[in-house]
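The values are calculated or read from the model by the stated rules, or taken from the named source; none is laboratory data. The shown structure was predicted, so the numbers you read here are calculated from the model rather than taken from an experiment. Using ideal geometry, Cβ is built from the backbone for each residue, glycine included, and neighbour counts are taken over all protein chains shown.
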Amino acid sequence: MEDNIAISVKNVSKTFKIPHEKVSSLRGAAVSAFKRNKGYEEFKALDDVSFEVKKGEFFGIIGRNGSGKSTLLKILAGIYQADKGSVKIDGRISPFLELGIGFNPELSGRDNVYLNATVLGLTKKEIDEKFDSIVAFSELERFIDQKLKNYSSGMQVRLAFSVSIHANREILLMDEVLAVGDSNFQSKCLEEFNKYKEMGKTVILVSHDIATVQRYCDRAMLVRNGKIVKIGKADEVGDAYIYENMADEEKRMHDEQADSSVILTKAEEAESKSKKIAEIKKVEFLDKDGKGKNVFETGEDITARIHYYAKKKIEKPVFGVAIHTQDGIHISGPNTKTSKFAIDHIEGVGFLDFTVFENQFLTDYFSFTVAIFEQEGLIPFDFNDKTYGFRVISKDENQYGIIKLKIAWSNGK
C-alpha cells in the first residue's frame, strides 16, 4: 500500500440472503433446516468494487437507495466482513453511520457519550477532557442527562456527530450526516468539514445532496446496483448522477403512461358515445428536437403537444393550459386568446403545440391541465384537470423554490 493512500479497496463483493418466509418457532426452524429449498434469495449489495482514497482527500459516494453505499461504508468501518476482496486502511477510523449505531436508548446522553467515545478508542481521561466540548458542539447541555430514548432523531444525530468529530481520527466516515437535523446544525457540520480539510484529514462522505458532494469533495464515486458507474471529479460524477436520475424518472413516467394508455383507450371508447363536440385525446411532451420525453433539465425547451378531436367544425376555439407544482401551487395559466394566438377553426383530428422556452423551473414534478373552450373562453368543450405532467431536474442547487431567478447582489456602499 502506497504511503499516500488512506483506503485501498480491491475486488470487494458482499451478498446478503433475504428470507422468503418468517420462522417464528423452534419447530419451524427445525423443519426449515431439512428443506432443500432454504426459502431465501441472494441480494448482491456490492459486486467487485475497487477504488482508492488518498490521504487528506474528501471522497464522496453517491447513488440511489439500495445501490450499496451504506454497505460499503460498514465494510470500511469493520461492521461487515466482505465475502471476497480486500480492504486496507492506513489510519484510525471514526465512523458516523446510520442513526442509533453505537448508542443505548436506555442510557442518558452523558453515558452514551462515554460509551460511544470508548468504542471509538478514546480513554476515559481523553473523554473527560473533551466532554464539555462534545456537549457544547451538540448544543444539548440541557438534555445531556436525559435518556436517549427521549431524544428526537435530530438530537441523536447532533450528539453522534459531535462524538465522531472529537474522536481525533485520521479518517472520518460520514453516512447521510446532513439528512437529519436543522439547518443551523447542518451549517456547523459543513464548517467542521472545512476544518477537516485544512487539517489534511481524510473524509468519506455518503450523501444524496449532490451540491454538498460537489462543493466539498475532491473526487466522488457513483454506485448503482452494487457496481461502480463512475469515479472522477465531484462535479462530473454529480452531473452523471443527475442524468442517471433523469433517465430513471423518464422510464418510470413512460411506463406509467403506457399502463394508463389501456385505461385511456377504454375511456375514449366511452367518450366516443358522449355528446362532446370537441375533446382532448392526449398530451405528449417533446424536447426542442421533437423527441418525446417527460423529464427535462432547467433551461431546456418544453413543448406540450395537445392532440384533439372535433366532431364538427368549431370556429375560433380557445385552448388553455395551466401548470401547477406537486403541492398544487398555480404557476401559470395562459390561453390562446390572452396570448393573441388566433385559431380560425378546428375540425376532425389535429394537434396544437404549447412551448415553454428555456424553462426556469427548479427541481419538481409539474402537473399540466389543458382545456378547449368556445371562442369567448368561458364555456369548455373539454377540460382535463391536472391529467398530465412532466418533471424538471435542476443542477443548480444554489436556489430553492419553484423558479430559477436571474439575480444579483450589490453592496449599498
Practice prompt. Scan segment 215-226 residue by residue and report those that are surrounded by fewer than 16 Cβ atoms within 10 Å (Cβ to Cβ) and within 18 Å of the chain's Cα centre (by Cα).
Written response: 225
Worksheet item: In segment 87-134, what residues are modelled with pLDDT of 90 or more and crowded, with 20+ Cβ neighbours inside 10 Å?
Response: 109, 112, 113, 127, 134
Worksheet item: Hey, which of the strands (runs of 3 or more DSSP E) in segment 327-413, taking only ones fully inside, have at least 2 residues that are more than 30 Å from residue 210 (Cβ to Cβ) and either at pLDDT 90 or above or touching a Ser or Thr at 6+ places or on another chain (Cβ under 8 Å) (or both)?
Response: 345-356, 364-373, 380-393
Item to complete: Please identify the pairs in which a residue from segment 347-359 that is free of Cβ contacts under 8 Å to residues at least 24 places away in the same chain has its Cβ atom under 6 Å from the Cβ atom of a residue that is loosely packed, with under 13 Cβ neighbours inside 10 Å, counting only partners at least 6 apart or on another chain.
Response: none
Worksheet item: Somewhere in segment 305-319, is a residue touching a Ser or Thr at 6+ places or on another chain (Cβ under 9 Å) and either under 30 Å from residue 211 (Cβ atoms) or surrounded by fewer than 17 Cβ atoms within 10 Å (Cβ to Cβ) (or both)?
Response: no
Worksheet entry | Positions within segment 145-157 being modelled with pLDDT of 85 or more and surrounded by 15 or more Cβ atoms within 10 Å (Cβ to Cβ), in sequence order | 147, 148, 151, 155, 156
